Amino acid sequence: MNYRIVLHTVGRILQIEALLMLLPLAVSVIYAGQDGTAAIWAFLIAIGISLALGFFLTYVLGKNNNLLFAREGFAIVALAWILMSVVGALPFVISGEIPSFIDAFFETVSGFTTTGASILTDVEAMSHGMLFWRSFTHWVGGMGVLVFVMAILPQDTGRNIHIMRAEMPGPIVGKLVPRLKDTARILYVIYIVLTAVEVVLLLLGGMSLFDSLLHSFGTAGTGGFGIKADSLGGYNAYLQWVITIFMLVFGVNFNLYYLILIKQFKTAIKSTELWVYGAIVFVSGVLISFNIYPMLGDVGDSVRHAFFQVASIITTTGYSSVDFNLWPGFSKAILVVLMFVGGCAGSTAGGIKVSRFIIAIKTVFKDIKKMLHPRSVAGVKLEGKKVDDKTINSVSTYFAFYFIIFLIIFLLLSLEPFDFETNFTAVSACFNNIGPGLSAVGPMGSFSIYSDAATLLLSFAMLLGRLEIFPLLLIFTPSMWKKK
Amino acid sequence: MKIIVAGCGKIGRAIVKSLVAEGHDILIIDTKPEIVEELTNIYDVMGICGNCADSDIVSEANAGEADIYLAVADSDELNMLSCFIAKRMGAKDTIARIRAPEYNDNSLVFMKDNLEISMPINPERLAAQELFNILKFPSALKVETFSRRTMEMTEVRLQEDSVLDGVKLLDIRQKFKAQVLICCVQRGEDVFIPDGNFVLRGGDRIGVTASNAELVKFFKNTGLLQRPVKNVIILGGSRTAYYLAEMLIDIGADVKIIDKDENICESLSDSLPQAVVIHGDGSEQELLLEEGISTADAFVSLTGSDETNILVSMFAMMNNVKKVIAKVNRDEIAPMAERLGLDCIISPRKIVSDVVLRYARSLENSMGSNVETLYKLMDDKVEALEFNVRADAKCLNTPLKDLKLLKNLLIIGIVREGAVITPSGMTEIHAGDRVVLITTNKGLGDLSDILAK
């Protein structure tokens, strides 16, 4: 392990985080009359600490010696995400709005990993600056902080692909254009433009600028921190539809938007993953609409709420338009299944990812065929291309690890004195970066019910989910840290 | 520039490496997923896995937008076809590796024109040409030709007890009565672009330019002159060996080729009846002694293994062969071999990647006075650049001594109306000239860049 470049890069991330905190600082200044000055001081102190620590790591302990290999990539990503969350939690603690550090850490991890699970019991009591920072972490974490760093910092090594691979979700991570830096820029431009379009559409529907921004951040990162007690339940039907559509938009592989940009519509529209994703959303939405119609008694409402919740859960956003905890068992079962599916690879969504399911199911069929015709030769194809054995292997490994870790976390969490449904959905909601679960942690509940140890465990589950297990798991492997 | 490299074997890799260092947008195509993955891990390039003669793959690589499309896969036919497809899709320039001897005679012109290949490259022939240049003039470690062969720079190493030891460059012309220019000096790991007050020392490796007659005079007066080789042993019967043997036989040298493979030996002896072809393991000292290594003028080791080449070459040096050349392909090994005393090393991969780099640079600079060609000298530490001077260049019609040039930069020749002028302080640059200069500043793209800011 080349410690110096790891520390160097992680230090850079903290400096960037300090820069990012300038935005909520500005918001706090604007709302100083209403909220008081505590938030301003909190952000100033946090920025100072972040900068100091960042410079110390980058220039005193670290050194850019360009020796970056796969294991350094994993270590950078894992450490950066943990440290970022620790520093990001500081404003909440310093301002006293979330007094417990562990709770604040949970809230920040939940933000950066775009989970949206909250320990707050009264969101509306938070100051504007803190609310802004909370939602802004969604936006930053959605596309990935290190991707952002690659987009803006000069770099002279081709090896940064290891970082991108460790941070971007999905079984296959490729570049859009030959240069990594340009790829990162294109991704961010698409991200920013889509977010801006959503803000405008929300403003047109009569939402205030502050609310539009925050909800757009939450949608873009597929995060889902609500800023009202009933999440999006209080907004009108138009706004809920806009949010529904944009949640689905951000759950699509960003490569497709690039293909549309360079006018290769045909390739984009032929994407298998897109069609499967669309089909899952449509079928689940229709089924839930029928299931909840007797309860709501209105076709328009049923369809809207059904699709809103389906979009929110499959893209792992976690907004809610109604308290779906009160829905019939069948609807809730569909939603829990969708929690595991997740969005498309290369999007900002969490979960296992549609493309992994496609590969896994096709592999199953291939193996069944092989049992019936032992001499048959068959491969697995995705998007018209043969998937190589290495990718198939890594998908199988991912499934195996995913369920083992899920079960371990679930077993540990069951030590808490809550019912089965609460604990099970709490783990799935955190591990898949969704946010709300069912029962006590449902859309109207809060994660504040858990003890400190359980809160830390769930924070860890969120990080595991966002970084797709391996980067974080690898830093607990002793051989990872051996000096070369 | 957008460059596509199809086929990433040894040569392809070397090309990718040097093009990435120049900051081009590179896309690679190879049939083997593990190669694509490895290269995209090391370099900032995009990879596509597939057959480079499959039009779907070529169009996926967006060849229509490429400035240069390079096909350097193993098979000549594949390269030609691949370039043809890319050209038809709109690639601006295509470069194909074509190395089979039968494609390199008259049919080359036909194919080049009809397939619209901008530049065919034959790595083996390029390497053989370089080897031949050295053997023709064995005092030299290396001979670089500039400006369509009108100018040459010869690299030689001074002996510890050389008469040039302790001589100031200012005094050379007077003392040795030869009009030569010392362009660059390598001492240990450092490379200098010397001025008049620079003092030479034994052990230095120097680059000298002059007209042929002046150069011979200089070497004669300084005791560096050696006769052209008469008796050459080549180890390894590769294509490079074939081309080299052909050239040497043309100037009347005796050539002996040793190879392990009987079939290769037979085909060589068919195509080169004047050469003596020996079937045997050239890494055995017994065989080398038997074949008279101690009486050979020159020994060239061209086997596929760098290590064998180095070891056998050292054995040849111990047997007092005057000129020993080893083919060493891996960059990281070459400096080690040099430390062991083997200072004449060639790397076919590097030769090819230099040719491609030169091509890319001259394409890129079609504005202003452009870089005509680029040469990398002294282990890539020095670049020699050739510019066509346009009428709008900034440094026209001023004596060189009045120009404020960059540090570590020396104008070593001006070609005017086909004649080479070795510049002095009073020489002026005129529009229409070709200027050859040498510098340790990397990445100069325009003649105006030579002025200090």
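The values are calculated or read from the model by the stated rules, or taken from the named source; none is laboratory data. What you see is a predicted model; the values in this text were computed from it and never measured. Cβ: placed from backbone, ideal geometry, glycine included. Neighbour counts: every protein chain shown. What goes into the accessible areas is simple: the full protein's heavy atoms, side chains included, and nothing from ligands, DNA or RNA. Shrake-Rupley method; radii C 1.70, N 1.55, O 1.52, S 1.80 Å.
Listed values, structure above:
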quantity: Members of region A:432-469 that are under 16 Å from the mean Cα position of the chain (by Cα) and assigned to a helix (DSSP H, G or I); calculated: A:LEU458, A:SER459, A:PHE460, A:ALA461, A:MET462, A:LEU463, A:LEU464, A:GLY465, A:ARG466
quantity: Odd one out for A:ILE30, checked against (1) open to solvent by 60 Å² or more (accessible area, probe 1.4 Å); (2) at pLDDT below 90; calculated: (2)
quantity: Residue selected from region B:58-79 under the condition open to solvent by 20 Å² or more (accessible area, probe 1.4 Å) and touching a residue at least 12 places away in the same chain (Cβ under 8 Å), by the criterion nearest to the chain's Cα centre (by Cα); calculated: B:ASP74
quantity: Unique residue being open to solvent by 10 Å² or more (accessible area, probe 1.4 Å), touching a helix residue (DSSP H, G or I) at 6+ places or on another chain (Cβ under 8 Å), over 28 Å from A:MET295 (Cβ atoms) and of a type outside the set (Gly, Ala, Ser) when the list is A:PHE330, A:PHE340, A:PHE357, A:PHE365; calculated: A:PHE357
quantity: Spans of strands (runs of 3 or more DSSP E) in region B:404-453 with at least 1 residues within 22 Å of the chain's Cα centre (by Cα) and under 11 Å from B:ALA384 (Cα atoms); calculated: B:409-416, B:434-439
quantity: Candidate set from region B:80-98 (those that are assigned to a helix (DSSP H, G or I) and open to solvent by less than 10 Å² (accessible area, probe 1.4 Å)); member that is farthest from B:GLY12 (Cα to Cα); calculated: B:ALA86
quantity: Candidates B:VAL356, B:VAL328, B:VAL352, filtered to the one that is open to solvent by less than 30 Å² (accessible area, probe 1.4 Å), touching a Pro at 6+ places or on another chain (Cβ under 9 Å) and either farther than 13 Å from B:ILE234 by Cα or assigned by TED's automatic domain parsing to the domain that holds B:VAL156 (or both); calculated: B:VAL352
quantity: Boolean, B:ILE11 is at negative phi, aliphatic (A, V, I, L, M) and either assigned by TED's automatic domain parsing to the domain that holds B:THR240 or in contact (Cβ under 8 Å) with a residue 60 or more places away in the chain (or both); calculated: yes
quantity: Tally of residues being more than 30 Å from B:GLN226 (Cα to Cα) and in a helix (DSSP H, G or I) across region B:108-138; calculated: 7
quantity: Filtered residue count, region B:14-57, keeping only those that are free of Cβ contacts under 8 Å to residues at least 40 places away in the same chain and assigned to a helix (DSSP H, G or I); calculated: 16
quantity: Subset of region A:173-193 that is open to solvent by 20 Å² or more (accessible area, probe 1.4 Å) and more than 11 Å from chain B (Cβ to nearest Cβ) - its residue that is modelled with the lowest pLDDT; calculated: A:ARG185
quantity: Region A:249-274, subset under 20 Å from the mean Cα position of the chain (by Cα) and open to solvent by less than 40 Å² (accessible area, probe 1.4 Å), residue farthest from A:ASP211 (Cα to Cα); calculated: A:GLU273
quantity: Qualifying residue in region B:360-372 (condition: outside the structural domain of B:LYS17 (by TED's automatic domain parsing) and at pLDDT 80 or above); calculated: yes
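Residue-wise test of (1) over 23 Å from A:LYS386 (Cβ atoms); (2) among the charged types (D, E, K, R); (3) more than 13 Å from chain A (Cβ to nearest Cβ); (4) open to solvent by 60 Å² or more (accessible area, probe 1.4 Å).
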{"residue": "B:ALA21", "(1), (2), (3), (4)": "yes, no, no, yes"}
{"residue": "B:HIS24", "(1), (2), (3), (4)": "yes, no, no, no"}
{"residue": "B:ILE28", "(1), (2), (3), (4)": "no, no, no, no"}
{"residue": "B:THR31", "(1), (2), (3), (4)": "no, no, no, yes"}
{"residue": "B:THR40", "(1), (2), (3), (4)": "no, no, no, no"}
{"residue": "B:TYR43", "(1), (2), (3), (4)": "yes, no, no, no"}
{"residue": "B:GLY47", "(1), (2), (3), (4)": "no, no, no, no"}
{"residue": "B:SER55", "(1), (2), (3), (4)": "no, no, yes, no"}
